[in-house]
Amino acid sequence: MMRNFKTGLALSLVLLIFTCSDVFALRGDKHAELWNDVFGIHDSAAKEKIQPLWKASQEVIDGVGNDYRDLQARFNWFTWGSYGHRLLFHWGFNTNPKNFAPLVRQVRSCLKNHPDAKNQEREFFSYLTTSIQARRNRKLINAVTSLTGIPTARGYANAVATIIYDVHLLGDYMTVNTSALPKIDEIENDIVQNGLSKLIHGGDKSERLKKIDDELKASIRAGRGRINSVRAMLLTETVKKYLPQILSERFKNILSNK
């Protein structure tokens, strides 16, 4: 009982720190701190070397200005309205924007009285996906491979990019402005299926990875059934516990060389 009390108290304090320091959004340095923690990067030299990856990741997810203006120039009816910047590029690394419910709702609201609404919606999502989103995803993948050495083979680099993206979104769930974020269930499924599982199951699986896989699944199940902010924190803590072990088991030599 005492252990559960201490765990709950620790989580409450962490949540309080996050929500008091950045109520509406986490600053870029807060996201970088979260990524360092989750990826098990603690010494100053390693943090300095990995910082360009976090900078690129932050630009891909939160650097919306130029592309927002581009979309408005091409589709002058579009605005992100009350959602703010999270309406764009916060759907995750693997999600097609046309399936991101908050954006679909906003686009259709903007097109409510437009005489060519269906064609405009189709053209909007086609341009957003094939031109803007594809370029942003390539930028993140290139940053992962060049700065960590983790290859694209077996989907490894994509898995790391997925985890980076989803950890950012989980950090955003520790704020109050969450209306334009994917559902927690969707983030959990993405980070497990497209992130951690690809790292675990890609190639030969050692006994250590088999054990991690079982423990990881149990830990994720245990974190369900909470309010979103707490569930986001628990899921982040689970990734923080197991991701460094997975990376060490799979890429120890590659990462040490970098």
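The values are calculated or read from the model by the stated rules, or taken from the named source; none is laboratory data. As the structure is a computational prediction, the values presented were derived from the model and not from experiment. Here the Cβ positions follow ideal geometry from the backbone for every residue, glycine too, while neighbour counts run over all protein chains shown. These accessible areas exclude ligands, DNA and RNA; they are computed on the full protein's heavy atoms, side chains included. Shrake-Rupley method; radii C 1.70, N 1.55, O 1.52, S 1.80 Å.
Considering region 130-144 alone, what residues qualify as being open to solvent by 40 Å² or more (accessible area, probe 1.4 Å) and either among the β-branched types (Val, Ile, Thr) or outside any helix (DSSP H, G or I) (or both)? Can you show your working first?
Filtering region 130-144 for residues open to solvent by 40 Å² or more (accessible area, probe 1.4 Å) gives 130-131, 135, 138-139, 142.
Within region 130-144, Thr130 is the sole residue that qualifies.
Of the conditions (1) small (Gly, Ala, Ser); (2) under 22 Å from Val104 (Cα atoms); (3) buried (at least 17 other Cβ atoms within 10 Å of the Cβ), Gly171 clears all except one; give me its number.
Against the list (1) small (Gly, Ala, Ser); (2) under 22 Å from Val104 (Cα atoms); (3) buried (at least 17 other Cβ atoms within 10 Å of the Cβ), Gly171 comes up short only on (2).
Considering only residues that are in contact with a helix residue (DSSP H, G or I) (Cβ under 8 Å, 6 or more places away or on another chain), assigned to a helix (DSSP H, G or I) and surrounded by fewer than 18 Cβ atoms within 10 Å (Cβ to Cβ), which ones fall in region 69-81?
Asp70, Arg74
Out of everything in region 178-227 that is under 19 Å from Ile164 (Cα atoms) and assigned to a loop (DSSP other than H, G, I, E, B), what residue ends up being modelled with the lowest pLDDT?
Gly202
State whether one or more residues within region 68-86 are out of contact with any Pro (no Cβ under 6 Å at 6 or more places or on another chain), in contact (Cβ under 8 Å) with a residue 60 or more places away in the chain and acidic (Asp, Glu).
yes
Suppose we filter region 24-57 for residues that are in a helix (DSSP H, G or I), of a type outside the set (Gly, Ala, Ser) and in contact (Cβ under 8 Å) with a residue 40 or more places away in the chain; how many remain? First the steps, then the outcome.
Looking only at region 24-57, we keep the residues that are in a helix (DSSP H, G or I), and these are 28-38, 44-57.
After this cut, where a residue has to be of a type outside the set (Gly, Ala, Ser) as well, the list is 29-31, 33-38, 47-55.
Pick out the ones that are also in contact (Cβ under 8 Å) with a residue 40 or more places away in the chain and you get 30-31, 34-35, 37-38, 49-50, 52-53.
Number satisfying all stated conditions: 10.
Of the numbered conditions (1) assigned to a loop (DSSP other than H, G, I, E, B); (2) within 12 Å of the chain's Cα centre (by Cα), Pro151 fails exactly one; give the number of that condition.
Of (1) assigned to a loop (DSSP other than H, G, I, E, B); (2) within 12 Å of the chain's Cα centre (by Cα), only one is false for Pro151: (2).
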